[in-house]
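Computed from the coordinates by the stated procedures, all read-outs in this text should not be read as laboratory data. The shown structure was predicted, so the numbers you read here are calculated from the model rather than taken from an experiment. Cβ coordinates were reconstructed from backbone atoms using ideal geometry, including for glycine residues, and neighbour counts include every protein chain displayed.
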Amino acid sequence: MIEVRHVSKRFRRGDSVVEALKDFDLTIARREIVAVIGPSGCGKSTLLNIIAGLYAPSKGRVVYKGAPVGDVNTDVGYMTQKDNLLPWRNVRDNVAFPLELAGKTKSEREARADEVIKHVGLDGFELRYPHELSGGMRKRACLARMILYGAETALLDEPFAALDAQLKLVMHDLLLKLAAENEQTVVFVTHDLMEAVTLADRVIVCTRRPAMIALEQKIPLARPRDVLNMRFTNEFKEIYDTLWERLRLEYQEERV
Ligand SMILES: Nc1ncnc2c1ncn2[C@@H]1O[C@H](COP(=O)(O)OP(=O)(O)OP(=O)(O)O)[C@@H](O)[C@H]1O
Ligand SMILES: [Mg+2]
């Protein structure tokens, strides 16, 4: 579905150059769920921006379903790290935005928006504006909007970072159900290794900047997954420990 072929990215400003990705090579299959984890500032969001077609790589290329990505890829739904709700629209109208672009009637938009708003636990807040919401609520509104967009591929940048532990589990369950139902391909960035192992078919551990792949680990845990209880199994712990050993090195080196 997605091929990231030897992608490097450098940001230049005057004489200074920041290298964010280096020779990143990754192939993602249709319906695969891939988690990307690594130290802060290593280049994870840059990777998603490049897959979405928002940034051009400095070297290498991204191929989506056999065609090179040269511009914004509209087959991909992208929930960015920073929420980008429109401040002058209430929750319902923000969430329904993709349907408005698709030319759906007002009544259909509202009915479908309210349904996903309920899924993410924001019912009662349909008429509130983004500045009236907490950080986690804004994230959930973005998630709801992305669900309505219904793209075949979803890119999510730390989608659950602002949520409490309980709500995270509810959202994990929702994500897995929706991805299975809609046969979606999912790439998500997280700092939460437990979350990565719980949700993903494969976890990519990145080095500190510039991000390279330090370790790729398949997660052979059966689906459908019990997001609450699977973390207590030995199988889960073994995988978690292997990944943590590698990830720890990157965090340690970061501090020296
Ligand atoms: N548009 C840009 N212009 C210049 N530099 C950028 C730009 N986007 C990212 N960078 C730089 O690239 C590096 C990687 O940033 P990126 O946002 O990809 O990190 P990240 O892994 O997502 O970090 P975090 O976990 O903190 O979100 C950083 O040094 C950042 O300053
Ligand atoms: Mg980021």
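Annotations
- Between Glu216 and Lys118, the modelled labels are 4.2 nm apart [label points 7 Å from Cα along Cα→Cβ].
- For region 155-220, the antiparallel share of DSSP beta bridges with both residues in that region comes to about 60%.
- If both residues of a DSSP beta bridge must be in the chain, then about 55% of such bridges are antiparallel.
- The residues packed around Lys65, meaning those with a beta-carbon under 11 Å from its beta-carbon, carry a net charge of -2 if Lys and Arg are +1 and Asp and Glu are -1.
- Summed residue charge, Cβ within 14 Å of Val4's Cβ, Lys/Arg positive, Asp/Glu negative: +3
- Mean Cβ count within 10 Å, highest first, over the residues of peptides 57-70, 146-159, 221-234: 146-159, 57-70, 221-234
- Equivalent-ellipsoid semi-axes of the chain, from the Cα gyration tensor, Å, largest first: 29, 23, 18
- Kirkwood-Stokes translational diffusion coefficient of region 1-120, alpha-carbon pairs, 4 °C, 1.567 mPa s, µm²/s: 78 µm²/s
- Alpha-carbon Rg/Rh ratio, for region 64-133, with Rh computed the Kirkwood way: 1.05
- Asp164 versus Ser16: modelled label distance in nm, points set 7 Å from Cα along the beta carbon direction: 4.0 nm
- If the chain linking Val63 and Lys177 were pulled fully straight, counting 0.36 nm for each residue of separation and taking away their Cα-Cα distance, it would gain 38.3 nm.
- Annotation: the residues Asp71, Asp83, sorted from fewest to most other C-beta atoms within 10 Å of their own C-beta, follow the order Asp71, Asp83.
- Sum of side-chain charges, Ala20 neighbourhood, beta-carbon under 10 Å (Lys, Arg +1; Asp, Glu -1): +4
- When Phe97, Phe160 are sorted by how many other C-beta atoms sit within 10 angstrom of their C-beta, beginning with the fewest, the order is Phe97, Phe160.
- Debye intensity ratio in log₁₀ form over the Cα atoms of region 103-169, taken at each q of 0.15 Å⁻¹: -0.50
- Expected 222 nm ellipticity per residue - DSSP helices of 4 or more, -39500 (n - 2.57), all of the chain, to 500: -11000 deg cm²/dmol
- Separation between Cα centres of region 202-248 and region 7-82, rounded to whole Å: 21 Å
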